[in-house]
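**Student:** Quick one: the structure is below, and I'll ask about it shortly.
The values are calculated or read from the model by the stated rules, or taken from the named source; none is laboratory data. Nothing here was measured: the structure is a model prediction, and the numbers come from that model. Every residue, glycine as well, gets a Cβ built from its backbone with ideal geometry; the counts of neighbours run over all protein chains shown. Each accessible area value is taken on the protein alone, full model and side chains, heavy atoms only, with ligands, DNA and RNA left out. Shrake-Rupley method; radii C 1.70, N 1.55, O 1.52, S 1.80 Å.
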Amino acid sequence: MKTRNVSGKSPYKQPLVVHVLYHPKDASAAKPYVDATLKALTKDVRYPFSRTLNLPVFIWNEITEDMFDSVHLGEKTIVLAITSRRTQGCDEWCKFIETKRNHVEVLPLALDKDGLNFEGALTGVNAIRLNEKPKLNGVNSVDISLMQILHAIIRRAFLATSRKKLRIFLSHAKADAAGERWALDIKRVIDTDTTLGAFFDCTDIQPGTDFAKEIKRAVRESSLILLGSDQYSSRHWCQREILAARDLGCPMIAIDCRESYEDRIFPFVNNMPRLHMPHSGADTKRTKVSVEVVKVILIETLRIYYQRKRLANLREVGIVPRASNISTCPPDAYVIGTQKGHPVFVYPDPCVFPEEYEWYDRMSTKVFTPFWNPKDTGILDRLKIGISISDPTDEELRTRGLRIDVLVELAQILARQFALRGATLIYGGDLRKNDKHGFTEYLLEEASALYRYYGAMIKKVENHLAWPLSIKHGELCGWKGHFRNVLNQIKYSIPDCDPTKKTRNLCRFLEPKDPKSRATWAHCLTEMRTKSIKRSDLRICAGGRTSGYSGKMPGVLEEILIAEDQNKPLLLLGGFGGVVGGVVNLMLNKKREEWLDVGWQYRNVDQYEDTLEVLRKAGVDVDYEMIVDRIANINIKALAERVCLPLKDYVHLMQTPFVDDAVIKVIRAAKEVAK
């Protein structure tokens, strides 16, 4: 989707964006490497409160200039191009990969020898060889490739020169055999199967040099792995290494390799990732564990560098206060102690829970995140916010380089931020347990987690259920029991406009298996959507399936039209694809996507033509030509004014594919609507 000129540029720029590109016929061979890269670079949505690395990552298996439009670029954009004989055998792919672009760096990942032959901008660029056999036993090629990919991203995005190696400082107590042995095992992995540098004082400090100065210099240039053995915290030089690293803000991880007992853990070895090492095992097992350690320090290093730059960018444009100090995790006593007076810190989301805020108050310290400031508690207390979000098809996501997890993360964060501010969430989705399409569950799980910490401050989610979903009593009772503190089920009966109401058994569930029953579902869904939207003060729309629905048209499309009919404040997040992406494309670019055609719907939605005929006889006409004309002529300036956003900010919100960018603007709009 091309960027419309009226949008201007967002003042906040993503510090790093990663694109992964592979030929569709290489999908099977590329999958292990793509999956491993995604796992390392992005958050697992099953753990929404984790603090792991979470980069913007797009996955493409077709070449498209949308990868390089201004919407998809960051200050630094890295393309991981998986190459092979198939890409080399296609002139179009070769030209696309080998073309030089501003602020875009292509890192070739070769599946085979033919994938090493480059010209143009890639002449002389050394590829990562995905099929290269590891030198150590117990290590697989995916792990080795991932370590190389992570190191390459760090070098190209954050080190002063991409030629510079990242060094890993192995901080350990020589008095403990366990710590010493693990340090040697990790060093062997680094030296043998990576391009990293390792600092090991026994071999890297030359005789006659100043030991203290060499240690401090090495720490300054490194990421640290702290091998916490039985005597580690009591060793003078280990403490000095830790304090030097904390003062310099070096990335650090802690490894627990204690064999029995440690009477005191050094208090400044905290607020960092930790791993536990097994006490025994064969050499191949120890090698596998050592590889995991190296992967974790690389991921944490990338997280630290990325968040430091991201928070600095947000501070520079005033999204977070300019006077705030940057902390790449919630600040601890050591970090707070480096500041005078009453310090203010910004750290990455998610926010800490109430008990930690009480501790910060006692320390006369203010802390907040880009999304959350404690002074916002209850600020949306009178606002009811309707969320229209569902998953597009896999094909729709693929054409935009997106994954379903991006929409899930968006829903989780919006639910959390609105709940913390006291808003009531309204959602019209059904309840499908353990189904990726059931966004209601994501919203309720988020609200339930917050309720455990904040209690009655978290308002119940209004789940609006159309007939016949509203009569599935056994299933609904189960959901009510599980989420009783955060769920308010609002049930609707069959509306009077349905001609079968008088003859239908309203206590019997109706399957949408034929045109007449599907028409009844359409009447009921329209009734529920109309009334639930009327109850909301603000509507947020994202994603949405263009087929596979049960109403008279795609559900999110109908909700957009109803919200516009009711003149509701409306936020359209088109950068996440699906129905909303198509609506935004039509509004901004006057480009009609194929699904906005009744003929396409006839071909792709079961029994749709016959269902529309039944609806016409009942006085309901679905005219796609009128719908398209209406959408194309929606006044974007009026939409922006309803939510009190400048036009360029609203248009940017319509297009951004970045979750944090969208959330910041959505929160801002909600606060304006609440005034």
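**Student:** Starting with the highest mean, order 575-586, 398-409 by the number of other Cβ atoms within 10 Å, averaged over the residues of each peptide. Can you show the working numbers first?
**Tutor:** Working: 575-586: 26.3, 398-409: 20.5.
Order by mean packing, descending: 575-586, 398-409.
**Student:** Determine Rg/Rh for the chain; Rg is computed over alpha-carbon atoms and Rh is the Kirkwood hydrodynamic estimate from the same atoms.
**Tutor:** Working: Rg = 27.6 Å, Rh = 27.5 Å.
That ratio is 1.00, to two decimals.
**Student:** Any chance you could give the angle, 0 to 90 degrees and rounded to 10, that helix 608-617 forms with the longest Cα principal axis of the chain?
**Tutor:** 40 degrees
**Student:** Still on this structure, I have one more. Return one number: the angle in degrees, 0 to 90 and rounded to the nearest 10, between the long axis of the Cα atoms of helix 515-535 and the longest principal axis of the Cα atoms of the chain.
**Tutor:** 70 degrees
**Student:** Once you order the gyration tensor axes a ≥ b ≥ c over the Cα atoms, which shape class does segment 517-629 get: rounded for a/c under 1.5, otherwise prolate or oblate by comparing a/b with b/c?
**Tutor:** On the way: a/c = 1.85, a/b = 1.19, b/c = 1.56.
Oblate, since a/c reaches 1.5 and b/c is not below a/b.
**Student:** Over segment 506-561, what is the mean sequence separation of C-alpha contacts under 8 Å (at least six apart), divided by residue count, expressed as relative contact order in percent?
**Tutor:** Working: 37 pairs, mean separation 19.8, N = 56.
Computed over segment 506-561, the figure is 35 percent.
**Student:** For segment 1-147, what class follows from the C-alpha gyration tensor (a ≥ b ≥ c being the square roots of its eigenvalues): rounded when a/c is under 1.5, otherwise prolate if a/b is larger than b/c, else oblate? Kindly include the intermediate steps, with their values, before the conclusion.
**Tutor:** Numbers: a/c = 2.04, a/b = 1.18, b/c = 1.73.
Judged from the Cα gyration tensor, segment 1-147 comes out oblate (a/c at least 1.5, b/c at or above a/b).
**Student:** Can you compute the modelled spin-label distance between LYS516 and GLU625, with each label point 7 Å from Cα toward Cβ, in nm?
**Tutor:** Computed distance between label sites LYS516 and GLU625 equals 3.2 nm.
**Student:** How do TYR453, TYR232 stack up against each other in accessible area, from largest to smallest, with a 1.4 angstrom probe?
**Tutor:** Numbers: TYR453 100, TYR232 5 Å².
Final ranking, largest accessible area leading: TYR453, TYR232.
**Student:** While we're looking at this one, here's another question. Aspartates and glutamates near LYS480 by alpha-carbon distance under 17 Å, same-chain residues fewer than 8 away left out - which ones?
**Tutor:** Output for LYS480: ASP430, GLU441, GLU445, GLU446, GLU462.
**Student:** Show which lysines lie in cross-link reach of LYS135 when reach means a straight Cα distance below 27 angstrom and same-chain residues fewer than eight apart are skipped.
**Tutor:** The qualifying lysines are LYS31, LYS39, LYS113, LYS164, LYS165, LYS187, LYS285, LYS288, LYS295.
**Student:** Looking at LEU588, VAL614, LEU41, which one has the Cα that reaches farthest to the positive end of the dipole of the chain (charges on Cβ: Lys, Arg +1; Asp, Glu -1)?
**Tutor:** The residue sitting farthest along the positive end of the dipole is LEU588.
**Student:** Where nothing but the Cβ of Lys and Arg (+1) and of Asp and Glu (-1) is charged, how large is the charge dipole of segment 529-622 around its Cα centre, in debye to the nearest 20?
**Tutor:** On the way: 14 positive and 13 negative charges, 68 e Å.
Using Cβ point charges on Lys, Arg, Asp and Glu, segment 529-622 gives about 320 debye.
**Student:** Any lysines with Cα under 24 Å of the LYS591 Cα? List them, leaving off those in the same chain fewer than 8 positions away.
**Tutor:** Cross-link targets: LYS2, LYS9, LYS552, LYS637, LYS648.
**Student:** Follow-up. For a quick protection proxy, order the peptides 650-656, 150-156 by their average other-Cβ count within 10 Å, most packed first. Provide the component values of the computation, followed by the final result.
**Tutor:** Details: 650-656: 25.0, 150-156: 20.9.
The packing order, highest mean first, is 650-656, 150-156.
**Student:** Quick one: with all protein chains in place, what share of the accessible area of segment 216-277 is carbon or sulfur, to the nearest percent (1.4 Å probe)?
**Tutor:** Working: 1380 of 2970 Å².
Whole-percent figure for carbon plus sulfur exposure: 46.
**Student:** Find how many whole Å separate the alpha carbon centroid of segment 295-333 from the alpha carbon centroid of segment 134-162.
**Tutor:** Computed from Cα coordinates, the inter-centre distance equals 23 Å.
**Student:** Which of the trypsin sites (Lys or Arg not before Pro) found in segment 231-271 are in a DSSP loop and have at most 14 neighbouring Cβ atoms, other than their own, within 10 Å?
**Tutor:** Passing sites in segment 231-271 are ARG264.
**Student:** Sticking with this structure for a sec: Only Lys, Arg, Asp and Glu count, each charged at its Cβ (+1, +1, -1, -1), so figure out the dipole size of segment 70-203 about its Cα centre, rounded to 20 debye. Don't skip to the answer; put the middle values down first.
**Tutor:** Working: 20 positive and 16 negative charges, 50 e Å.
So the magnitude is around 240 debye.
**Student:** Could you state the accessible area per residue of the chain in Å², with a 1.4 Å probe and every protein chain left in place?
**Tutor:** Values: 28970 Å² over 675 residues.
Roughly 43 Å² per residue, with all protein chains present.
**Student:** With a Cα-only, solvent-free Debye model of segment 236-363, what are the log10 I(q)/I(0) values at q = 0.09, 0.14, 0.18, 0.22 Å⁻¹?
**Tutor:** Once normalised to I(0) and log-transformed, intensities are -0.34, -0.78, -1.15, -1.45.
**Student:** With point charges of +1 on the Cβ of Lys and Arg and -1 on the Cβ of Asp and Glu, referenced to the Cα centre of the chain, which listed residue (ALA312, VAL628, THR287) lies farthest in the positive direction of the dipole?
**Tutor:** Toward the positive end, the furthest listed residue is ALA312.
**Student:** Please check which bits of segment 46-69 a label hung off ARG156 would reach, taking the label as a point 7 Å along Cα-to-C-beta and the cut-off as backbone N under 15 Å.
**Tutor:** Taking a point 7 Å out along Cα→Cβ of ARG156, the residues of segment 46-69 whose backbone N falls under 15 Å are 56-60, 68.
**Student:** Put +1 on the Cβ of every Lys and Arg and -1 on every Asp and Glu Cβ in segment 84-140; which of PRO134, PHE118, GLY89 then has its Cα farthest towards the positive end of the dipole?
**Tutor:** PRO134
**Student:** Working out 0.36 nm times the residue gap between LYS95 and LEU243, then minus their Cα-Cα distance, what length gain in nm do you get to one decimal? Please list the in-between numbers first.
**Tutor:** Numbers: separation 148, 0.36 × 148 = 53.28 nm, distance 5.03 nm.
Result: 48.3 nm gained on full extension.
**Student:** Checking the a/c ratio against 1.5 first, then a/b against b/c, what shape does the Cα gyration tensor give for segment 86-180? Please report the intermediate quantities before stating the final value.
**Tutor:** Numbers: a/c = 4.17, a/b = 1.81, b/c = 2.30.
The shape class here is oblate.
**Student:** Sticking with this structure for a sec: How large is the helix-only mean residue ellipticity at 222 nm for the chain, computed as the sum of -39500 (n - 2.57) over DSSP H runs with n ≥ 4, divided by its residue count, in deg cm²/dmol to the nearest 500? All intermediate terms of the calculation are to be shown ahead of the outcome.
**Tutor:** Details: 24 runs with 287 residues, N = 675.
Counting only the DSSP helices, I get -13000 deg cm²/dmol.
**Student:** How big is the gap, in Å, between the Cα center of segment 585-648 and the Cα center of segment 223-243?
**Tutor:** If we compute the Cα centre of each part, the gap is 63 Å.
**Student:** Could you give me the ³J(HN,Hα) list for segment 317-332, computed from phi with Karplus coefficients 6.51, -1.76, 1.60 and θ = phi - 60°, whole Hz, x at Gly and Pro?
**Tutor:** 9, x, 5, 10, x, 5, 8, 7, 8, 8, 10, 7, 8, x, x, 9
**Student:** With +1 assigned to the C-beta of every Lys and Arg and -1 to the C-beta of every Asp and Glu, and no other charges, what is the dipole magnitude of the chain about the Cα centre in debye, to the nearest 20? Can you show the working numbers first?
**Tutor:** Working: 100 positive and 85 negative charges, 240 e Å.
Charge dipole of the chain: 1160 debye, to the nearest 20.
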